[in-house]
1. In the Gaussian network model of the chain, springs joining C-alpha atoms below 10 Å, which of Pro29, Pro51, Pro37 carries the largest mean-square fluctuation?
2. Counting Lys +1, Arg +1, Asp -1, Glu -1, what net charge surrounds His17 among other residues with beta carbon under 15 Å of its beta carbon?
3. Between [x] 11.7, 36; [y] 13.2, 45; [z] 16.0, 48, which matches Rg and Dmax of the Cα atoms in Å calculated for the structure shown?
4. Phe56's amide H: which non-local residues (gap 5+, or another chain) put their own amide H closer than 5 Å, with H modeled 1.01 Å from N in plane and none for Pro or chain starts?
5. What's the angle, to the nearest 10 degrees (0 to 90), between helix 37-49's Cα axis and the longest principal axis of the chain?
6. Calculate one ³J(HN,Hα) per residue across the range 76-87 by plugging θ = phi - 60° into the Karplus curve 6.51 cos²θ - 1.76 cosθ + 1.60, and present them in order as whole Hz with x for glycine and proline.
7. Quick one: net charge around Asp76, please, counting Lys, Arg +1 and Asp, Glu -1 for every other residue with C-beta under 15 Å from its C-beta.
8. Explain nothing, just the number: relative contact order of the chain, from Cα pairs under 8 Å at least 6 residues apart, as a whole percent.
Amino acid sequence: MSAAPVGPLPKYVRRKHALLIGIGTFKDPTIPTLQYPAKDARDIGRALTDPNIGRFSEADVKVLADAQATRGAILDALQDLILKAQEDD
């Protein structure tokens, strides 16, 4: 199966956004704790906002790690992203 064609890519990206979610601890004690998801999300966030690497604005990178990554917080962050993002982002 081949992917449907998407139009030409824009020549520039006006603004870049990122929502990073890393969950390694869970309320359910039967789910083992994962060591790196939250750390990785924070590390990627730092790389994206580094002026020599990702060059994202800090205001445009949202990191939700472990206890911060509730269902409500994720839905709020997605809604915020939907409202902020423009066509050429």
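1. It is Pro29.
2. Neighbourhood net charge equals -1.
3. [z]
4. Those lying under 5 Å, H to H, from Phe56 are Thr49, Asp50.
5. 30
6. 4, 5, 5, 4, 4, 4, 4, 6, 7, 5, 10, 4
7. Details: positive: Lys62, Arg71, Lys84; negative: Asp80.
Taking every other residue near Asp76 into account, the sum is +2.
8. Reported relative contact order: 36 percent.
Readers should treat all values here as calculations from the given coordinates under stated rules, not as data from a laboratory. Everything numeric here is computed off the predicted structure, so don't read it as measured data. In this analysis, Cβ positions are derived from the backbone assuming ideal geometry, glycine residues included, and neighbour counts consider all displayed protein chains.
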